[in-house]
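Before any comments, here is the structure.
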Amino acid sequence: MPVNVGRWMRRRVRTAREAAAARGDSGMTAIEFVLLTPVLFFMIFATVQFALYFFADHVAQAAAQAGARKARATAHDFPGAWRGEARGVVDSYISQLGPQLVLSPDVKMLQPEQNTVGVEITAKVPTVFPGLDFTVHAQSEGPVERFVRENEN
């Protein structure tokens, strides 16, 4: 009897292996697709969000630097008007480079010292993911430029 049981067990295992080999991995591709598609979409949207944030950051930096250049060049000759002129340059840069990327910019004119002027920009960035809130911050300042003749101090 033990010989018959052993033979029957071997035959049963062999039949089960053949049935499994014949079935193969049918259906596994669909399951993998269902599991990996959300991960793929998340990676694509994260890449787009990364690009939006860094482009908005570059636009804010460029606008702050241009505004600070204008402020440095005009603060000595026009002490009361440099703020308006620098603000105009900042608004122009933002409207040309990224009006849809730099949302509701808060532009502040800086004068931390007597001969130092600058611009600070804080703005929101559009988001791909609902519920996330990204903000960019850019600041540029420098000494006021003034022309001094060789014999003057």
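If you take all other residues with their beta carbon under 12 Å from the beta carbon of Ala86, and give Lys and Arg +1 and Asp and Glu -1, the sum is +2. Projecting the Cα positions of Ile44, Ser92, Ala16 onto the charge dipole of the chain (unit charges on Cβ atoms of Lys, Arg, Asp and Glu, taken about the Cα centre) puts Ala16 furthest along the positive direction. On the beta carbon distance between Leu103 and Gln61, with R0 = 22 Å, the FRET formula returns roughly 0.85. The relative contact order of the chain comes to 24 percent, based on Cα pairs under 8 Å that sit 6 or more residues apart. Taking the helices alone, the chain has a mean residue ellipticity at 222 nm of -20000 deg cm²/dmol, built from -39,500 (n - 2.57) per DSSP H run of at least 4 residues and averaged over all its residues. For the stretch 66-121, the relative contact order is 38 percent, taking Cα pairs closer than 8 Å that sit 6 or more residues apart in sequence and dividing their mean separation by the residue count. Of Gln114, Gln96, Gln61, the residue with the greatest mean-square motion in the GNM of the chain, using alpha carbon springs below 10 Å, is Gln114. Counting only whole DSSP H helices of the chain, the ones at least 15 Å long by C-alpha along their axis and with mean Kyte-Doolittle hydropathy no lower than 0.0 are 28-74. Annotation: amide H-H contacts under 5 Å for His76 (H modelled 1.01 Å from N, sequence separation of 5 or more, or interchain): Glu145.
Where a number appears in this text, it was derived from the coordinates with a stated rule and is not lab data. These numbers were taken from a predicted model, which means no experiment stands behind them. Cβ atoms come from the backbone with ideal geometry, glycine included; neighbour counts cover every protein chain shown.
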